[in-house]
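S.K.: One structure, as structure tokens, below. Some questions next.
The values are calculated or read from the model by the stated rules, or taken from the named source; none is laboratory data. Keep in mind that this is a model prediction, so the values were computed, not measured. Here the Cβ positions follow ideal geometry from the backbone for every residue, glycine too, while neighbour counts run over all protein chains shown.
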Amino acid sequence: MSRLGAAGGALLTVPLLNDFAANVGRRIAFGLGVVLGLGILIVRHVPESPRRLFIHGRDREAEELVDGIEEEVEREKGVGGIAGPRSIAVAMARFVSSATRTGSLIR
């Protein structure tokens, strides 16, 4: 997947180098690379979602994250516990279709 991104980025520089003077297009392309790099540095510190942790077999971390969120909401809102069942049985699927991943089967 990263190879496709690199190829796409290289192809996007072609209009920059053709439509602007070589000196200007090169600088714009370099500047866009810096902006993308800074964006990646920011995004890598965003915490993972409980769903992703669970899918990758990190059940304990996902549970701790959800417990922390629940405690924070209870503390901020002054709610004495979140209504609903305390445990839910969840089983991981052995195969996930692309339709399921894109959410087209979610009702």
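S.K.: Can you tell me which condition Phe54 does not meet? The list is (1) free of Cβ contacts under 8 Å to residues at least 24 places away in the same chain; (2) assigned to a helix (DSSP H, G or I), and all the others hold.
M.R.: Among (1) free of Cβ contacts under 8 Å to residues at least 24 places away in the same chain; (2) assigned to a helix (DSSP H, G or I), Phe54 violates only (1).
S.K.: I need the full set of residues from region 7-21 which are of a type in the set (A, V, I, L, M) and either under 30 Å from Glu64 (Cα atoms) or surrounded by 10 or more Cβ atoms within 10 Å (Cβ to Cβ) (or both), in order please.
M.R.: Passing the criteria: Ala7, Ala10, Leu12, Val14, Leu16, Leu17.
S.K.: Take the conditions hydrophobic (A, V, I, L, M, F, W, C), within 30 Å of Gly5 (Cα to Cα) and at pLDDT 80 or above and apply them to Leu32. Does it pass?
M.R.: yes
S.K.: Within region 18-72, how many residues turn out to be of a type in the set (Gly, Ala, Ser), in the same structural domain as Gly8 (by TED's automatic domain parsing) and in contact with a Phe, Trp or Tyr (Cβ under 9 Å, 6 or more places away or on another chain)?
M.R.: Qualifying residue count, region 18-72: 0.
S.K.: Filter region 36-51 down to the residues that are over 21 Å from Asn18 (Cβ atoms) and in a helix (DSSP H, G or I) and list them by number.
M.R.: If the condition is that a residue be over 21 Å from Asn18 (Cβ atoms) and in a helix (DSSP H, G or I), then Gly37, Leu38, Gly39, Ile40, Leu41, Ile42, Val43, Pro50, Arg51 are the ones that fit.
S.K.: Select from region 13-31 the residues that are hydrophobic (A, V, I, L, M, F, W, C) and touching a residue at least 12 places away in the same chain (Cβ under 8 Å) and list them in ascending order.
M.R.: Within region 13-31, Leu16, Leu17, Ile28, Ala29 meet the criteria.
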